[in-house]
Amino acid sequence: MTPYKQITVVSGKGGTGKTSVVASFAALGPDKVLADTDVDAANLHLMLHPKVNRQEQFYGAQVAVRDENLCTRCGECERHCRFEAITVEAVNPFACEGCGFCTLVCPRKALHMEPALTGDLFVSQTRYGPMAHAKLVPGAESSGRLVTMVRQAAEDLAMQDGRSLVLIDGPPGIGCTATAALADVDLALIVTEPTPSGIHDMRRVIGTAAHFGIPTALIVNKADLNLQQAQEAEGAAREMGASIIGRLPYDETVTRAVAAATPLVEFDPDGPVSQALRNCWSRTLELIGMQV
Amino acid sequence: MQRDSDRPALTVSVAAGKGGTGKTLLSTSLAYALAELHPGAVQLLDADVEEPNADLVLPVQFTGTEPVELLVPRVDLEKCVRCGKCAEVCAASAIARIRQAVITFHELCTGCGACAWICPVDAITEIPRVIGRVDTGTAEGGIEFVQGRSEVAQQHTGAVTGAVKAHAKPDCITIIDAPPGTACPMQETVAESDYCILVTEPTPFGLSDLGAAVETCRALSVPCGVVVNRDGVGDAGVDEYCRRSGIPILLRIPHDREIARAYSRGRTLALEFPDWRPVLAGLFDSVAREVAR
């Protein structure tokens, strides 16, 4: 048991409002550490304005490199690579999985693996608490490992500062980065929208969290855009074992808060969405045995 | 490449750094508008294999399905001499020797095959493991439709993306709906396209993720242009960025609750609003001109 709890906010579908919700929750109590694990489309920093204290380069991937002077163009590497990442002409670093099979089969030992820069990891301070975040190098592989690095940095911060909560902004989807963001957290908080795609993707992300034994809870964002679909989302989530946290109304003020780069609960503290957010946050904390 | 004016064969992927900006709205609508002009010559590939959605806004008659498999190791412990070479060469830590046991972790396996190759006593056979599937059919408007779907809790979805892309025909207009983000799944989808349309929204989030997507397209040497969706909701940041970076803005779709409402009822833009079809055909002409440049 760690001395802190962890919540990851995910959605399956992109653009349902994860980051806006996390930014507002960040601005509400209790003391916490923040983490942005949407490493290839990170946005939380735009709302929380972190001051970077420490930056380090992360070499997560391995890429095959060939010594063209030793290579005899025999084609063994090309025959064995299952990712179409190498031919007698060239290595395609974007397709390379980093498995190293080619280095084993090369009769001239002309190939070796080199670490490739995956991204930059940042440890920062915000008004709302310390924050770990990252930026993937364009075209880099191994984003899942970068997510794990961000999470590790956030947990280190929680230990150092004795903070009781790590709040994690997750990536969309259900693949490599999403599973890395969900691993071993106390709660997967799903933000969905009342559309067929929102519901479809919500089911897949609840299924993913459930597969790893992680409790799930649901917030339906922009619920009044389609109340029938909002209800359908809640019904489907409940059936899959998720707790229903609440609904957020549709309000264009949310977009204005993003444009103003300010968490909504500070931008428009008395508005309907801010009130709903505060209720949702209390209920979320209750679920993991904490209080605002 | 444009072979003749009647049948411009191009592969165009539709991507976005940020999720939920309207990739699927645009890819389905573009395919629909083009299929009207070029019957039987348009394909739509849904390569957002983690969250495939295109069939939810453009009705599809599915006619076929095929599993996507990865070859993963099975160790014959009778033959195995516990030398540990398989574990040594496995970069994914998907096979381990712990004292006298050899354990495989199939969900971590990338299916590279190195363990079976290195085994000195042929104790490892590779067995297929289903990690997803590809469904095929015909979408409304006579579009050839292909959709990939990874199984829940799969980490390595690249093989599913590859299986979807294998359906692309060189003599067709092929529109590919890409996954969000700029990481491996997006890269695998967009690589080798003739052009990539990046759909964004005019907000600081949209702008930040657009920048990452443009850099990724450049790293992949795929030319790109921008479609601004929900035009009018935010600020001028995206416009300024595009002007500064020399990225063409190909089309603007206004912020319109009617478009969103039709979409939430499962009807994409071109399906619900016929006036948009010539506009989308014009978008494709702009793309073809950009590619020809």
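Read-outs: derived from the displayed coordinates by stated rules, not from any lab. Here the structure is a predicted model, which is why all the values come from computation and not from measurement. FYI the Cβ positions are ideal-geometry reconstructions off the backbone, even for glycines, and counts take in every protein chain you see.
How large is the dipole of segment A:61-170 about the Cα centre if only Lys and Arg carry +1 and Asp and Glu carry -1, each at its Cβ, rounded to the nearest 20 debye?
Computed charge dipole of segment A:61-170: roughly 80 debye.
I want to verify a result. In a Gaussian network model of chain B, Cα cutoff 10 Å, which of these has the top mean-square fluctuation: B:Ala15, B:Ala101, B:Ala183?
Largest GNM mean-square fluctuation: B:Ala101.
Please list 3J(HN,Hα) in residue order for segment A:6-22, calculated via the Karplus relation 6.51 cos²θ - 1.76 cosθ + 1.60 where θ = phi - 60°; whole Hz, with x for glycine and proline.
10, 10, 10, 9, 10, 8, x, 6, x, x, 8, x, 3, 5, 4, 5, 4
First check a/c for chain A, with a ≥ b ≥ c the square roots of the eigenvalues of its C-alpha gyration tensor; if it is under 1.5, answer rounded, and if not, answer prolate when a/b is larger than b/c or oblate otherwise.
prolate
For segment A:107-200, what ratio Rg/Rh do Cα atoms give with a Kirkwood hydrodynamic radius?
Numbers: Rg = 17.0 Å, Rh = 15.6 Å.
Radius of gyration relative to Kirkwood radius: 1.08.
Which number comes out as Rg/Rh for chain B once both Rg and the Kirkwood Rh are worked out on C-alpha atoms?
We get a ratio of 1.07 for chain B.
Modelled label-to-label distance, A:Cys74 and B:Ile249, 7 Å Cα→beta-carbon offset: nm?
5.7
Comparing A:Gln55, A:Gln160, A:Gln231, which has the greatest mean-square fluctuation in the GNM of chain A with Cα pairs linked when under 10 Å apart?
Residue with maximal mean-square fluctuation among A:Gln55, A:Gln160, A:Gln231: A:Gln160.
Take every Cα-Cα pair in the protein assembly as shown and report what % of them are more than 37 Å apart.
Counting pairs separated by more than 37 Å, the tail of P(r) holds 32 percent.
Just to be sure I understand: of the beta bridges DSSP finds with both ends in segment B:37-195, what percent are antiparallel, rounded to 5?
In segment B:37-195, approximately 75 percent of DSSP beta bridges are antiparallel ones.
Antiparallel versus total DSSP beta bridges in the protein assembly as shown: what percent is that, nearest 5?
In the protein assembly as shown, DSSP labels about 50 percent of beta bridges as antiparallel.
So which residue, out of A:Ile244, A:Ile174, A:Ile86, gets the largest mean-square fluctuation from a GNM of chain A using Cα contacts under 10 Å as springs?
A:Ile86
Answer rounded, prolate or oblate for segment B:153-293, using the Cα gyration tensor with square roots of eigenvalues a ≥ b ≥ c: rounded when a/c is under 1.5, else prolate when a/b is larger than b/c, else oblate.
Cα axes put segment B:153-293 in the rounded bin.
Tally the DSSP beta bridges in chain B and give the antiparallel ones as a percent, rounded to 5.
For chain B, the DSSP antiparallel bridge percentage is about 50.
What is the extension gain from B:Ser221 to B:Arg289, computed as 0.36 nm multiplied by their sequence separation minus the C-alpha to C-alpha distance, in nm to one decimal?
Values: separation 68, 0.36 × 68 = 24.48 nm, distance 1.72 nm.
This chain segment gains 22.8 nm when fully extended.
Which shape class, rounded, prolate or oblate, goes with segment A:223-290 when its Cα gyration tensor gives a ≥ b ≥ c as root eigenvalues, a/c under 1.5 marks rounded, and past that a/b bigger than b/c marks prolate?
Oblate.
At 7 Å along Cα-to-Cβ for each site, give me the label-to-label distance between A:Leu227 and A:Gln291 in nm.
Taking the simple label geometry, A:Leu227 and A:Gln291 are separated by 3.5 nm.
With 10 angstrom as the radius, rank A:Asp31, A:Asp270, B:Asp46 by how many other C-beta atoms surround their C-beta, starting from the fewest.
A:Asp270, A:Asp31, B:Asp46
Looking at chain B, which Cys residues are left with no other cysteine's beta carbon under 4.7 Å from theirs?
B:Cys80, B:Cys83, B:Cys90, B:Cys109, B:Cys119, B:Cys172, B:Cys184, B:Cys242
At 7 Å along Cα-to-Cβ for each site, give me the label-to-label distance between A:Lys109 and B:Glu66 in nm.
Here the answer is 4.2 nm between the modelled labels.
Once phi is turned into ³J(HN,Hα) by the Karplus curve 6.51 cos²θ - 1.76 cosθ + 1.60 with θ = phi - 60°, what whole-Hz value does each residue of segment A:158-167 show in order, with x for glycine and proline?
Running phi through 6.51 cos²θ - 1.76 cosθ + 1.60 with θ = phi - 60° gives 4, 5, 4, 8, x, 8, 9, 9, 10, 9 Hz.
Can you quote the Å³ per residue value for the convex hull of the Cα atoms in segment B:69-135, rounded to an integer?
Measuring per residue, one finds 75 Å³ for the Cα hull of segment B:69-135.
Which FRET efficiency value, to the nearest 0.05, is calculated for A:Thr87 and A:Asp270 with the Förster distance at 60 angstrom and r the Cβ-Cβ distance?
0.45
Which ³J(HN,Hα) values in Hz, rounded to whole numbers, follow from the phi angles of segment A:57-64 under the Karplus curve 6.51 cos²θ - 1.76 cosθ + 1.60, where θ = phi - 60° and Gly and Pro get x?
7, 10, 9, x, 9, 10, 10, 6
Shielding of B:107-117 by partners, i.e. mean partner chain Cβ atoms within 10 Å per residue?
Whole-number average of other-chain Cβ neighbours for B:107-117 is 4.
Let's see if you can work this out: charge +1 on each Lys and Arg Cβ, -1 on each Asp and Glu Cβ, no other charges. What is the dipole magnitude of segment B:61-159 about its Cα centre, in debye to the nearest 20?
Rounded to the nearest 20 debye, it is 600 debye.
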